[in-house]
């Protein structure tokens with residue numbers, strides 16, 4: 001069922017979330033849109049005539065690590081100015097409840113900045129760096145929020161070799177422990193898919209897995225996705241508008 005901004009539908013969803021023992025939430029780029037975070041993929045996502053798909057790959061980094069890091073340094077400078085919006089604030093409150101799991105495809109760190117606890121980062125964090133070769137010496141991964149970075153490419157703190165963004169690039173697998181935790185969280189009473197196109201796998205398959213396990217499945221996204229016809233409720237609203245109206 002697709003719903004517009006009907007207050008009764010939103011109130012009913014808020015009640016269902018409050019009464020649920022286990023709630024799982026997956027967020028995508030739409031949650032950060034109201035914070036002024038641009039879409040780095042698709043139309044309008046060009047940087048110096050490059051697409052993100054041309055740069056966010058292991059092959060691109062090996063060909064030209066400086067170019068890839070110039071792009072990430074620019075992205076970091078844009079994200080450094082962004083602040084959490086009301087959607088992040090609602091989700092931060094929810095994340096503090098027992099039985100709530102917050103999973104995000106976003107690498108911008110705005111959930112954590114809003115105060116969300118124990119965020120499951122499917123695609124990593126743009127603010128974390130790790131050794132390119134995985135030297136294994138601590139710290140193997142660390143956070144550096146300086147913008148711009150003083151050296152491009154930055155160096156591993158342990159071995160002095162090149163460091164890379166601690167994000168999942170195209171063609172790379174999601175960390176097994178992160179994916180396992182995300183899949184386990186689909187055993188829930190309510191599953192919310194918020195601000196995501198439901199195109200990128202394996203994240204896109206989580207909502208269908210949740211539904212197959214008996215969850216009440218909800219999509220909050222301004223436009224319909226491939227998952228919309230299979231879900232229990234689809235709210236065609238921006239994330240910040242829908243979440244603020246739930247009263248939770």
Single condition residue 213 does not satisfy, out of (1) in contact with a strand residue (DSSP E or B) (Cβ under 6 Å, 6 or more places away or on another chain); (2) modelled with pLDDT of 95 or more: (1)
Single residue of 156, 135 found to be more than 23 Å from residue 109 (Cβ to Cβ) and not assigned by TED's automatic domain parsing to the domain that holds residue 88: 135
Test: residue 60 is assigned to a helix (DSSP H, G or I), under 17 Å from the mean Cα position of the chain (by Cα) and farther than 18 Å from residue 145 by Cβ: no
Enumeration of residues in region 87-102 that are surrounded by 17 or more Cβ atoms within 10 Å (Cβ to Cβ) and under 22 Å from residue 34 (Cα atoms): 87, 88, 90, 91, 92, 94, 95, 102
Condition check for residue 68: closer than 30 Å to residue 24 by Cβ and either touching a helix residue (DSSP H, G or I) at 6+ places or on another chain (Cβ under 9 Å) or touching a residue at least 12 places away in the same chain (Cβ under 8 Å) (or both): no
Given (1) at pLDDT 95 or above; (2) surrounded by fewer than 19 Cβ atoms within 10 Å (Cβ to Cβ), index of the condition residue 114 fails: (2)
All positions within region 113-143 that are at negative phi, free of Cβ contacts under 8 Å to residues at least 40 places away in the same chain and touching a helix residue (DSSP H, G or I) at 6+ places or on another chain (Cβ under 9 Å): 113, 114, 116, 117, 119
Residue in region 48-56 that is in a helix (DSSP H, G or I), crowded, with 16+ Cβ neighbours inside 10 Å and without any contact (Cβ under 8 Å) to a residue 12 or more places away in the chain present: yes
Extreme residue, farthest from residue 17 (Cα to Cα), among residues of region 92-106 that are out of contact with any strand residue (DSSP E or B) (no Cβ under 6 Å at 6 or more places or on another chain) and not in a loop (DSSP other than H, G, I, E, B): 92
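The values are calculated or read from the model by the stated rules, or taken from the named source; none is laboratory data. Since the structure is predicted, the reported quantities are computational estimates derived from the model, not experimental observations. When we count neighbours, we look across all protein chains shown, and the Cβ atoms used for this are built from the backbone with ideal geometry, even at glycine.
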